[in-house]
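**Student:** Input: one structure, supplied below.
The values are calculated or read from the model by the stated rules, or taken from the named source; none is laboratory data. Note that the coordinates shown come from a computational prediction; the quantities given were computed from them, not determined experimentally. All Cβ positions, glycine included, derive from the backbone under ideal geometry; neighbour counts span all protein chains shown.
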């Protein structure tokens, strides 16, 4: 393997060995604290345009298991790890991680100091960077990095046409802003028939099958850029139908009702974030992947109340909407990777639907 470099927009350079597909790429550099579940991370559409630093030092030890992915392709734009397992060991694996990255045309680096890189991102905040083989003209490279701004990420990752999955008595319309497959799996487990719609589907289309409830999925990027989604959610807010928002869906509902969002310094990405449910006073360990949050002081208290908070930094992790059958969460109740502490969110949603149908 040949040498490669990660150049950050602040001028820091990390040297490593190239893995995956051999190409250059500009990306937003973020870190994830998962000890396992790298396949679920790499195939999560919310990571579109991002290069992920895995803080756990050994990655690839159980190879590639297609059933454990969260979409049909790898969405990360780059991978940064300390040590790559050359030979995996798992009875379910079908190939090595490096071969999988090559097939999906995803570049990466191994052997870099991921601890130092993570500390820089924690101290200075999320930064843009570039994977490259050439550091002969750093000024030009940094200029290119600073000009990097991905657009229409939700349109990139969303399904292109509607489809139905699952069988059951409860009909769910799922608006796909970059949906993880386990959201669909969790609903299927609960006797739901799910129709998944593209992010730009009209409200009349979303409601044409008279669904019992609506799910607003997770997805990538700055929520304020998702203008089509915000407009659709504004219309759905005024319908008398139960709605569950997850991650980006949570942010879009907040924006649709007049609240504001802002960017976190380095985001919440990993399976170990403590969140308090203010109704039960219980603390749950949650799976998270987001770089933006809803500003609590911008929430219209006549419309919504905070239901969950992050115990690390106090940010809003959930909202319940007054006089509406709507609640949203910033964390991932479907996990993958991560603990299943908050799977009860789906049960609460279905309970809301059943009460609405009485």
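**Student:** Need the failing condition index for residue 337 against (1) buried (at least 23 other Cβ atoms within 10 Å of the Cβ); (2) assigned to a loop (DSSP other than H, G, I, E, B), just the number.
**Tutor:** If we test residue 337 against (1) buried (at least 23 other Cβ atoms within 10 Å of the Cβ); (2) assigned to a loop (DSSP other than H, G, I, E, B), just (1) comes out false.
**Student:** Filter the range 293-306 down to the residues that are surrounded by fewer than 19 Cβ atoms within 10 Å (Cβ to Cβ) and in contact with a strand residue (DSSP E or B) (Cβ under 7 Å, 6 or more places away or on another chain) and list them by number.
**Tutor:** Across the range 293-306, the qualifying residues are 295, 296, 303, 305, 306.
**Student:** Check every one of the strands (runs of 3 or more DSSP E) wholly within the range 1-103 and list those with 2 or more residues that are within 14 Å of the chain's Cα centre (by Cα) and in contact (Cβ under 8 Å) with a residue 24 or more places away in the chain.
**Tutor:** Passing ranges, in order: 25-32, 50-54.
**Student:** Given the structure, is residue 51 modelled with pLDDT of 95 or more, crowded, with 24+ Cβ neighbours inside 10 Å and at positive phi?
**Tutor:** no
**Student:** Something else now. State whether one or more residues within the range 151-158 are modelled with pLDDT under 95 and either in contact with a helix residue (DSSP H, G or I) (Cβ under 9 Å, 6 or more places away or on another chain) or farther than 25 Å from residue 326 by Cβ (or both).
**Tutor:** Within the range 151-158 (the criterion being modelled with pLDDT under 95 and either in contact with a helix residue (DSSP H, G or I) (Cβ under 9 Å, 6 or more places away or on another chain) or farther than 25 Å from residue 326 by Cβ (or both)), the answer is yes, since at least one residue qualifies.
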